[in-house]
Every structure is written in C-alpha cells, then in structure tokens.
Amino acid sequence: MIEMNPVLNDLLLRVLIAAAVLILTYFLSRYARVSLERAFSKFGAGFAKKLAEIIRYFIIFMGVATAVSVLSLDVMAISVIIAAVLIFLLVSMRDIVLNLAAELYLATRRPFKENDWVRVGEIEGTVKSIGGMDTEIITYEGDLVIIPNSYFLRNPIVNKSQSLVRYVELKLTIPKMKLDKVEEAVTEVLSEIKPELLGEPELLSMGEKEDKIEVVLSLPIVNVRKLRWLTAKITKGFYSRGIEVEVE
C-alpha cells in the first residue's frame, strides 16, 4: 500500500478547500447581484445595478482572500495575489467608478435637466430621463439613445435650452396662387425645420400683394450663422413642392 506524504496530503486538502471556497464565492456573488437588483429596483434600475455590482465585487474579494488564507502561502505570495486581485477589481469596476463620479458631477453641477435640448459629442436631442447609471436622449430622428453617464465626463455638454434665443424674421415671396396651398406648404416646411430651432417657428403674416404672395416667418435660433443654412433648407422645401420662392 502506497503511503502519501503528510505534507502533500495537507497541501492537497487545503487546495480542495480553497477551490470550494472560490466556487461558493462565485455562486454567492451571482445570487447576491440578482437578489439585490430585484430588491432595490424600486429605487431605480441604475442604482440597484450599481449597488449590486459593488456588493458582488466585495464578496469576490473576500472569497479570494479567504481562499488565499486557507492555502497558508508565504507573505510574498499572498501580497502578489492580493495585489493582482485588487488590480483586477479596479479594472473591472472602472466603468462603475466613472459612472459614480459622473452621477456626482450631474447632481452637483446640473448641466441639464429633463426636456432640455442638448448636444454631447456627436449626440444631440431632448433629454428624456436622467438615471444613476445612464441618461436617455431622443434625437432629431426620434431615436432613443441611452448614454452611460461617464460619457459626460469625456465630452463637452452644450445645453441649447439655456442658450440666448434670438427671433429672426424671414420674408418669403411666392408667385400668386391659392392661399390655402401656400399655407399648407408653409406649415409642412416649418415642421421640417422645427428640429433645428429652439422653439416654435411662427407664421406672422401671409397676404397677396399685386401678382405675388408675401409670407413673414419668425424663427427662434441661437447661432445666426445657421440662418443661411436654414434659408437654403426652406427654399429647398418649397421647390420640392413645386413652388418657387425668394427668401429675404
């Protein structure tokens, strides 16, 4: 009968116990995350997910530390393992830490609020909701974009709703035709350019004058340099409907 070395037996036992601790830690951390997300969902999905992730990583760290202590490794080996685990946790929790910092920034600085029109990086639209982990924005095209809050720390925020709005009047000259047709075209064109404005465009007046029709519009804008682009878009909108127009 072969007798195993007592030292080897002891090491094998400690390895098995450490492995069992790690396996138990893995399943316990997953169960804790799911349970906490469900239990704290009433406070908001973002908050629940963030808290669950923090607790999960804490359980993993404690499990690894326990497994290392069971193995009874020397001080140098334990230090290396703990350092490696800490680095892994820091890398894994990078997004969580950034989102926490971003949440603090948004709560204290308040660069925008719900229903504000903002541009962040390449994304522009209306703020639908602000959560603990992310913010929802509806774009020009009506798409819902969910942005991690850490994105706001890396990109400048332009809040167009808090910008100084100027109302610019444009006079349109159109060849004489039925007024109801002109009014319909004006309504449709204003609807097309509305997403580019900071408020409701207005039809100030419309009337016949000799052999033409004069229409006066009021457009709320911030950047006057954008007026030329808007004028071109208005002209194109009327031409696409078979109506010639001159814009002053």
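By the scheme Lys and Arg +1, Asp and Glu -1, what is the net charge of all other residues having a beta-carbon under 14 Å from that of SER191? In short, -4.
Under the criterion of Cα pairs below 8 Å and six or more residues apart, the relative contact order for segment 110-195 equals 23 percent.
Neighbour counts of other Cβ atoms within 10 Å put TRP117, TRP229 in the fewest-to-most order TRP229, TRP117. Grab the beta carbon distance between ASP211 and SER191, set R0 = 25 Å, and tell me the FRET efficiency rounded to 0.05. Working from the Cβ atoms, E equals 0.35. Among the trypsin sites (Lys or Arg not before Pro) within segment 170-237, those in coil by DSSP and having at most 16 neighbouring Cβ atoms inside 10 Å are LYS176, LYS178. Here the label points at SER35 and LYS178, each 7 Å from Cα along the C-beta direction, are separated by 7.2 nm in the simple model.
Per-residue Cβ neighbour counts within 10 Å put SER161, SER35 in the sequence SER35, SER161, beginning with the fewest.
Residue order for THR235, THR187, THR135, fewest other beta carbons within 10 angstrom first, comes to THR187, THR235, THR135. Taking amide H as placed 1.01 Å from N in the peptide plane, LEU197 has no amide H partner under 5 Å among residues 5 or more places away or on another chain. On the beta carbon distance between VAL15 and ALA101, with R0 = 25 Å, the FRET formula returns roughly 0.05. Placing +1 on the Cβ of every Lys and Arg and -1 on the Cβ of every Asp and Glu, with nothing else charged, gives segment 166-247 a dipole about its Cα centre of roughly 400 debye.
Here r is the Cβ-Cβ distance between GLU141 and GLU202 and R0 is 22 Å; the resulting FRET efficiency, rounded to 0.05, is 0.35.
Bear in mind that the values in this text are calculations on the coordinates, not laboratory data. No experiment lies behind these values; they were computed from the predicted model shown. Neighbour counts are summed over all protein chains in view; Cβ atoms, including those assigned to glycine, are modelled from backbone coordinates with ideal geometry.
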